[in-house]
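Contents: one structure, followed by commentary.
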Amino acid sequence: MVKKFNNQNYSKLRRQHQQSRTLFTDPTFPANASSLWKSGKSEKEIVWKRPSELCDNPKLVVDGVDPNDLNQGSLGNCWFIAACTSLSLDQKAWNRVVPDINHQEWNDQHPEQYCGIFHFHFWRLGEWVDVVVDDLLPTLNGHLVYMKSKSNNEFWGALLEKAYAKMAGCYEALIGGQTGDAMVDFTGGADEYLDLVGGGHRGDDEKTKALFKRMRSAHDNKSFMSCSITAKPDEMESKAEHGLIRGHAYCITDVRKVKIDQSMFSFFGNASKLHMIKIRNPWGEKEWTGPWSDQSEEWKRVPSSEKKRMGFNVEDDGEFWMTFADWIKNFTNVSICRAVNTSFFSLQKTWHEASYHGHWGGNFAGGCINNRDTFLQNPQYSFDVTHPKHGSVMVSLLQKDTRDDKSTSNLSIGFNIMKVEENRRYRVHVIHESVGSVTYTNSRSVFQNFDLPEGRYVIVPTTFEPGQEGTFMLRMFTENNPHARELSKDIPGRGMLYYLCCCCVRYPQALVTVHLDSATGLEKQDFMGVGADPYCIVKCGGKKAQTHCVKNTLEPKFDSRVSFYITDRATDVVIQVWNANVLVDRFMGQVSVPVPWQEDSERHTMTLMGRGRNSGNETQGKLTFSVSCSRDLQST
């Protein structure tokens, strides 16, 4: 489902203007200064012209979509052009952003069908938005002012830029930005920002190799990538070493190992491979002049066949190669936008996605974890990691874009992940151990990849300061179904049955928490492996919960907690240890203790016992655990 921006229906508008033989003029983004400048600046020299007034035989696309189609104009939006360059390298993504290309293209056979209307799709906070524009473009002295193509009759880039400016409020709103934001808008992917300096990649060979492998995999999987050199305000767009530009967004167009000849004089030319990266300057000029630049001697060491595979050419087109080591040494950050595969009909790795829209404000705006008294007032979401050892979890938190609103700015946002009870269903009221977080920033989105052990977790997205209002979208990508859910209730509700049968239905009187520590000396039960795959089932007050399974051990470290809301404190906690099997799980023993009346936790190490007819007999192994009970239903 695609949402119509400004409620404009492209098909309906196109049909109306074709029938009336008139050219579309967009009343919601007029051809005047209000669409150029939000600051109220006026450019009297600017003249808005249609493509047919600028050239003969105008086209959306000339000779296919290519990165060299795009050159930045006089607008300071290199970040957007860099993202467009990445878009041009992925035909499938391009077709999604520029829909119905055959339908939108100028029709030489039926020129009367042309009515000056186009539309583009952008992803915003979980939904695709259809933006309609007319073909009036800002010009100065008969030339386009903003994005232009190397072919003077090609206009897909200029019209795409206009649609994006319309969504942002005006062209000036595109001055300065993060390439990752536009890449997300083009793909619906998850953007990860890496600080190459703060992340310790410079001078660390192992981290450099790991990053190369990661970026090469991202490139092979059609992820969009960009990089830049951090600059002080007075250094913006100044020249750094070897021709690179500070504070300027570059697009990464290739990451690969390049075959080179170690010896020019060896008959066989002992070949080795060099880690290299290909980069494009959105200006379409001003390239790297260091080692492996277009004219450098190093290229003599690369076989002609290898150069052809690399698409190497000596041309001042803004595109150049560097060694990965030189890239790390010169650039300070990189943005990787993953188009995460969630299709189960794909041969590639598939991820499970859980996404939620939420709002900070009122009683749900507690700020970051530094504000310990209010932190847990924020929205909370639980999810499970069910991978037997550790599971990869990608988390992306996005906030509403504020470019179109001069009175607001981005909030500083982030999130914190806590390990909680295996069966938690209600909101957390006491801060648990943090197992993951992200650096707070006022970017449109923050992202982090985590490797978490099996269990249940609660993620708390927040603003940095308490009391701030804003909307957000939380996305989680996991290898297995995360069983994610929003935690909206503080404690169990009384429910309709309580009010209808209050004489016989009791409301919970206490909260029991059981911490499963470990077991020792368990009986070997597996025919294969080292012994057993134990897990625990805990029963209390007519309810039960199960811990995760610990594989191939007779000395499991569970380190798991479960909790129960009970109506009668005169009850027992029963903990059973089971061995997981392919067909039927086997009972290994159990322990039983009464719920303690005191508030303090009681720690036990007990011998496992049988059940049923063997309830008085010991089985093999001991279990260490603790039990606590509290009248405060919000004590954990």
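Give the residues of the range 447-475 that are among the β-branched types (V, I, T), closer than 28 Å to E422 by Cβ and crowded, with 21+ Cβ neighbours inside 10 Å, sorted by residue number.
We begin by selecting, within the range 447-475, every residue among the β-branched types (V, I, T); these are 458-460, 462-463, 471.
Now restrict to residues that are closer than 28 Å to E422 by Cβ: 458-460, 462.
Result: I459, V460, T462.
Say whether the condition of being more than 22 Å from the chain's Cα centre (by Cα), among the charged types (D, E, K, R) and modelled with pLDDT of 95 or more is met by at least one residue in the range 373-393.
Step one: of the range 373-393, the residues more than 22 Å from the chain's Cα centre (by Cα) are 373-377, 388-389.
When the remaining residues are screened for being among the charged types (D, E, K, R), the result is 373, 389.
Among the residues that remain, those that are also modelled with pLDDT of 95 or more are: 373.
Yes, because at least one residue in the range 373-393 is more than 22 Å from the chain's Cα centre (by Cα), among the charged types (D, E, K, R) and modelled with pLDDT of 95 or more.
Which one is farthest from D384 (Cα to Cα), of the residues in the range 509-535 that are without any contact (Cβ under 8 Å) to a residue 60 or more places away in the chain and buried (at least 19 other Cβ atoms within 10 Å of the Cβ)?
Residues of the range 509-535 that are without any contact (Cβ under 8 Å) to a residue 60 or more places away in the chain, as a first pass: 524, 526-535.
Next cut, buried (at least 19 other Cβ atoms within 10 Å of the Cβ) only: 532-535.
Details: A532: 23, D533: 20, P534: 19, Y535: 16 Å.
That would be A532.
Looking only at residues in the range 84-129 that are under 25 Å from S396 (Cα atoms) and of a type in the set (V, I, T), which one is modelled with the lowest pLDDT?
The residue in question is T85.
Could you list all residues from the range 1-14 that are of a type in the set (A, V, I, L, M, F, W, C) and under 12 Å from C115 (Cα atoms)?
L13, the sole residue that qualifies.
So, of the residues in the range 15-41 that are under 38 Å from the mean Cα position of the chain (by Cα) and without any contact (Cβ under 8 Å) to a residue 24 or more places away in the chain, which turns out to be farthest from H119 (Cα to Cα)?
Filtering the range 15-41 for residues under 38 Å from the mean Cα position of the chain (by Cα) gives 24-41.
Keeping just the survivors that are without any contact (Cβ under 8 Å) to a residue 24 or more places away in the chain gives 27, 30, 32-33, 40.
Values: P27: 15, P30: 16, N32: 20, A33: 22, G40: 27 Å.
Applying the filter and picking the extreme gives G40.
Out of the strands (runs of 3 or more DSSP E) lying entirely within the range 297-381, which hold 3 or more residues that are hydrophobic (A, V, I, L, M, F, W, C) and touching a residue at least 24 places away in the same chain (Cβ under 8 Å)?
In the range 297-381, 319-323, 333-338 are the strands (runs of 3 or more DSSP E) which contain 3 or more residues that are hydrophobic (A, V, I, L, M, F, W, C) and touching a residue at least 24 places away in the same chain (Cβ under 8 Å).
Are any residues in the range 199-246 within 23 Å of A182 (Cα to Cα), among the β-branched types (V, I, T) and not in a loop (DSSP other than H, G, I, E, B), and if so, which ones?
Residue satisfying the conditions is I245 alone.
Check V591, V562 and return the single one that is within 40 Å of the chain's Cα centre (by Cα), aliphatic (A, V, I, L, M) and not assigned by TED's automatic domain parsing to the domain that holds Y457.
Working: V591 fails: within 40 Å of the chain's Cα centre (by Cα).
Exactly one residue qualifies, and that residue is V562.
Do we have any residue at all in the range 557-567 that's assigned to a loop (DSSP other than H, G, I, E, B) and surrounded by fewer than 16 Cβ atoms within 10 Å (Cβ to Cβ)?
In the first step, residues of the range 557-567 are kept if they are assigned to a loop (DSSP other than H, G, I, E, B); the result is 567.
Next, from what is left, pick out any that are surrounded by fewer than 16 Cβ atoms within 10 Å (Cβ to Cβ): 567.
Yes - at least one qualifying residue is present in the range 557-567.
I'd like to know if the range 379-390 contains one or more residues that are surrounded by 15 or more Cβ atoms within 10 Å (Cβ to Cβ) and more than 21 Å from F477 (Cα to Cα).
No; the residues of the range 379-390 include none that is surrounded by 15 or more Cβ atoms within 10 Å (Cβ to Cβ) and more than 21 Å from F477 (Cα to Cα).
Surrounded by fewer than 19 Cβ atoms within 10 Å (Cβ to Cβ), in contact (Cβ under 8 Å) with a residue 24 or more places away in the chain and under 17 Å from M322 (Cβ atoms) - does that describe any residue in the range 216-227?
Yes.
Of the residues in the range 115-153, how many are out of contact with any Ser or Thr (no Cβ under 9 Å at 6 or more places or on another chain) and more than 26 Å from D56 (Cβ to Cβ)?
So the count comes out to 8.
I'd like the full set of residues that are closer than 16 Å to F587 by Cα and either of a type in the set (F, W, Y) or not in a strand (DSSP E or B) (or both), limited to the range 526-550.
Result: D526, F527, G531, A532, D533, Y535, T547, H548, C549, V550.
Could you go through the range 578-585 and let me know if any residue there is touching a residue at least 12 places away in the same chain (Cβ under 8 Å) and either of a type in the set (D, E) or not in a loop (DSSP other than H, G, I, E, B) (or both). So that I can check it myself, show each step before the final result.
Taking the range 578-585 first, the residues touching a residue at least 12 places away in the same chain (Cβ under 8 Å) are 578-581.
The next check asks that each one be either of a type in the set (D, E) or not in a loop (DSSP other than H, G, I, E, B) (or both); those that pass are 578-579.
The answer is yes, given that some residue of the range 578-585 is touching a residue at least 12 places away in the same chain (Cβ under 8 Å) and either of a type in the set (D, E) or not in a loop (DSSP other than H, G, I, E, B) (or both).
Looking only at the range 148-166, filter to residues that are surrounded by fewer than 21 Cβ atoms within 10 Å (Cβ to Cβ) and either touching a Lys or Arg at 6+ places or on another chain (Cβ under 9 Å) or without any contact (Cβ under 8 Å) to a residue 60 or more places away in the chain (or both); which one of those is nearest to C337 (Cα to Cα)?
Applying the filter and picking the extreme gives S151.
What are the residues in the range 51-103 that are β-branched (V, I, T) and in contact with a Phe, Trp or Tyr (Cβ under 7 Å, 6 or more places away or on another chain), if any?
Applying the first criterion (β-branched (V, I, T)) to the range 51-103 yields 61-62, 65, 81, 85, 97-98, 101.
V61, V65, V97, V98, listed by residue number.
The values are calculated or read from the model by the stated rules, or taken from the named source; none is laboratory data. Note that the coordinates shown come from a computational prediction; the quantities given were computed from them, not determined experimentally. Because the Cβ atoms are built from the backbone with ideal geometry, glycine has one as well, and the counts that use them run over all protein chains shown.
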